[in-house]
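Enquirer: Let me give you the structure first, and then I'll get to my questions.
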Amino acid sequence: MKASEAIVQILVKEGITDAFGIPGAGINPVYEYLKDAPIAHYCMRHEEACTHAADGYFRACHRIALAICTSGPGATNFVTGLYTASIDSIPFLAITGQANSTQLTQEPFQCVDIAKISEPVTKKSYCVTDAKKLPEILKEAFYLMRSGRPGPVLIDLPLDVQTAEIDFDIDSYTPAEVTRPAPKAEEIERALDMLDAAKAPVILMGGGVILAEAEKELVELAELLQIPVITTYMAKGGLPEAHPLNAGHAGIQVGQPIGNRVMLDSDLVLGIGCRFSDRHTGALDVYRGDRKFIHIDIEPTQLNRVFTPDLGIVSDAKLAIEALLAGARRRGMKPVSDRAKELPALKAQLRRKTDYEGSPIMPHRVFQEVNKAFDADTMFTTGCGITQIWSGQLQEVDKPRRYLPSGGAGTLGYEIPAAFGAKVADPEHFSCTVLGDFGFTFMGEELAVSTVFQKPVIVVIVNNAYLGLIRQNQKGAYGFEYAVDMPYNQDGRIDYLKVAEGYGCLAERVFTPEELAAALERAKASGKSYVIDAICVNEQLCDMGGSIAAVKSFAPEA
C-alpha cells in the first residue's frame, strides 16, 4: 500500500480521533487517506493555530491530537506552537509535508529543514527519507510523546516518501507499551523521615501531578499529614479553591500573597512535578532560604537544573505519591503541624480585592465576574501579558484540566485556538479565554473555525488600550514609556465587535461590571462563539516583585 495510507491507519490505531490542519500540495497524499478515516479534521486559518489547538485539546482531555500542514512556511509556522507545548510538557503529533527527498539539497520551492529547525522544541523530530521505516518511526514517536516527560514530536514527510509503496499490514502493528519509572524504596523512606522531622512542611503541586492524573492521591497525602498545598501556575485547579489545605500559588508574578506567606514560613518543601521556574521562585536566595527541598520529577535533568535539592527522586508523580501515602500509613504518621488549621482564615485575610465598582472597569473586577459566571467544568485558556498575570492571581479554578495556560512560553496567540481545541476535546462544557486587547489580534481569525464547526468559545477582552505588561516593565525597570499606548482600541477607530461579527460571532462592548455580568450570561445562553469587549482602566498595574518576600501591590485599596 502507499506509505500515506499506512500513516493514516497507524494514526487511527494509536488513538488519534481529531486533527487540526491546513491541506497543501506538500501534504496532500496524506490528506487523500485522511478524508475517509475516522478522524475529524478541523481546517484552521493559520498553521500556528493548528499546533495550539492540538495543545489545548490534550490539556483538556489528555488525548493526543494531530497537527498537520504543508511544507515551507506552513511548517515553520508550527515552531511557536511546538515550543509552547514543549516547555509545558504537552504532547501532540506534528506532521509536515516536504519536497521530494531527491531535492532536499537543491533549494526547491517551499523546502526547509523543519526537522532541524524544530529539534530544540520537540522530544524528537524526523525527516523520513526511507518509506519502509515509517511504521517504526511512528511507533517510536507515539512512545516518546507518552513516556517520561511528555512533549510534541514532529515528522517531516517528503512527497516521494508519502507516495511510495511499502509492504505493511496494520494488523501486525502494535503500539509501544509505556512504562512509568517508580521511586526507590530507600528514597521514599528518606523523604518520609524528612517530612516527619519537619515542623512546617509544605507540598508544592506542579503541573506534572496534573499530567500524571495524581491530584486525588496528592490531596489524600496532604490530608493525612495536614500539610498545606501550594500549586504552581501549571497545577491551578489541582485541588478546589475552598479546600482547607489549598494555600494558593507562590511566585513573583502569578503568585498570591497566601502562597508566598506559606512558602516563606515553611522549613521543608516537597515539590512534585515542578520545574522551579524563574517566575515562580524569583530571587533564589530568598526562595530557598534555610528550608530543605525534596524534588520529585519524572525527568532526571530537572532535578538539578535550577538548584540541587536535599533529596532528588526520579519517578512518575503518581507512583511516588502512592508510595509516600502507603509509607506514611504504614508508619502511622500523624499530622506534622497545627498550622493547617490557621490556613482558611489566613487565606481570607490575604485575599486580593476584586469588588471594585465604577467605569471603566477595574481588570480585577473582570475576573470576579468571570469567576461568578462560569461553573467548575468550564475550561479557561490564557496566553501572556498583564491579563495572564491577573488571571493567575485572581481566577478561581476548582478542577484539574480546566485551566489551560501557556505557562513556560507565554504565547500571545495561543488563547483562542487552544480554547477551540479544548472545546473539540470536551464539547459539553464552556470554553472561555480572557485576554488583552492586543492579544486578541493574535490568532483572532481562528474564531471563524469555531463558528464553522459549531464549537463555540467565549472570549472576554480586557481592553485597557495598552501593552500593559510591557508598559509596566518600561516604567518600572527603565523609567520610560514608548510604543505601548493604543488609545484607538477604545475610542472607536479599532472595532473588535466588527472583527468578531465578521468571523460569525456574536459580540458586544461593556463599560460597567453590571453590563459585563449580563453579557456573560447572554454569551453562555447563545450557543455561539461570543466576544465581549470590556472597556477597562487604562494604566492599572499588576502586583509583582523580585522575590516572593517583596511582591508589591499596585491595586487601590478602595
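The values are calculated or read from the model by the stated rules, or taken from the named source; none is laboratory data. None of these values were measured; they are calculated from a predicted model. Every residue, glycine as well, gets a Cβ built from its backbone with ideal geometry; the counts of neighbours run over all protein chains shown. The area values use the complete protein model at the heavy-atom level, side chains included, leaving out ligands, DNA and RNA. Shrake-Rupley method; radii C 1.70, N 1.55, O 1.52, S 1.80 Å.
Enquirer: Given Val161, Val128, which one is β-branched (Val, Ile, Thr), surrounded by fewer than 24 Cβ atoms within 10 Å (Cβ to Cβ), closer than 30 Å to Gln110 by Cα and touching a Leu at 6+ places or on another chain (Cβ under 8 Å)?
Expert: None of the other options fit; the residue is Val128.
Enquirer: Would you confirm, using the coordinates I've provided, whether Leu516 is in contact with a helix residue (DSSP H, G or I) (Cβ under 8 Å, 6 or more places away or on another chain), under 30 Å from Asp426 (Cβ atoms) and either open to solvent by less than 30 Å² (accessible area, probe 1.4 Å) or in a helix (DSSP H, G or I) (or both)?
Expert: yes
Enquirer: Can you tell me which of Ile64, Ile87 is aliphatic (A, V, I, L, M) and open to solvent by 30 Å² or more (accessible area, probe 1.4 Å)?
Expert: One residue alone meets the criteria, Ile87.
Enquirer: Also: Of everything in segment 489-500 that's more than 15 Å from Cys536 (Cβ to Cβ) and within 28 Å of the chain's Cα centre (by Cα), which residue is surrounded by the fewest Cβ atoms within 10 Å (Cβ to Cβ)?
Expert: Selected residue: Leu497.
Enquirer: Same structure again: Show me the helices (runs of 4 or more DSSP H) found entirely inside segment 1-106 where at least 1 residues are under 28 Å from Cys274 (Cβ atoms).
Expert: Of the helices (runs of 4 or more DSSP H) lying wholly inside segment 1-106, those with at least 1 residues that are under 28 Å from Cys274 (Cβ atoms) span 47-61, 79-87.
Enquirer: Please return the ranges of helices (runs of 4 or more DSSP H) entirely within segment 435-507 where 2 or more residues are farther than 25 Å from Leu394 by Cα and not aromatic (Phe, Trp, Tyr).
Expert: Ranges flagged: 447-452, 496-502.
Enquirer: Look through segment 541-550, keep the residues that are in contact with a helix residue (DSSP H, G or I) (Cβ under 6 Å, 6 or more places away or on another chain) and under 14 Å from Arg352 (Cβ atoms), and return whichever of them is most open to solvent (accessible area, probe 1.4 Å).
Expert: So, considering only residues that are in contact with a helix residue (DSSP H, G or I) (Cβ under 6 Å, 6 or more places away or on another chain) and under 14 Å from Arg352 (Cβ atoms), the one most open to solvent (accessible area, probe 1.4 Å) is Leu541.
Enquirer: If a residue has to be under 23 Å from the mean Cα position of the chain (by Cα) and surrounded by fewer than 24 Cβ atoms within 10 Å (Cβ to Cβ) to count, how many in segment 217-230 make the cut?
Expert: Result for segment 217-230: 2.
Enquirer: Condition first: open to solvent by less than 10 Å² (accessible area, probe 1.4 Å) and of a type outside the set (S, T, N, Q). Now tell me which residues in segment 519-534 satisfy that.
Expert: Within segment 519-534, Ala519, Leu520, Ala523, Val531, Ile532, Asp533, Ala534 meet the criteria.
Enquirer: Just give me the residues in segment 480-516 being touching a residue at least 24 places away in the same chain (Cβ under 8 Å) and of a type in the set (Lys, Arg), in sequence order.
Expert: Arg509 - this is the single residue of segment 480-516 that is touching a residue at least 24 places away in the same chain (Cβ under 8 Å) and of a type in the set (Lys, Arg).
Enquirer: Just checking, which of Val314, Val269 is under 19 Å from Pro150 (Cα atoms) and at pLDDT 95 or above?
Expert: One residue alone meets the criteria, Val314.
Enquirer: Can you name the number of the only condition in (1) open to solvent by less than 30 Å² (accessible area, probe 1.4 Å); (2) under 18 Å from Ile90 (Cα atoms); (3) charged (D, E, K, R) that Arg180 fails?
Expert: Failing condition for Arg180: (1).
Enquirer: Continuing with the same structure: Hey, can you tell me all the residues within segment 404-423 that are surrounded by 24 or more Cβ atoms within 10 Å (Cβ to Cβ) and over 17 Å from Gly436 (Cα atoms)?
Expert: Phe420, Gly421, Ala422, Lys423
Enquirer: Select from segment 231-278 the residues that are of a type outside the set (A, V, I, L, M, F, W, C) and part of a strand (DSSP E or B) and write down the one among them that is surrounded by the fewest Cβ atoms within 10 Å (Cβ to Cβ).
Expert: Out of the qualifying residues, it is Gly271.
Enquirer: Test Thr174 against the criterion of being of a type in the set (Ser, Thr, Tyr), within 26 Å of Ile210 (Cα to Cα), open to solvent by 30 Å² or more (accessible area, probe 1.4 Å) and part of a loop (DSSP other than H, G, I, E, B), and give yes or no.
Expert: no
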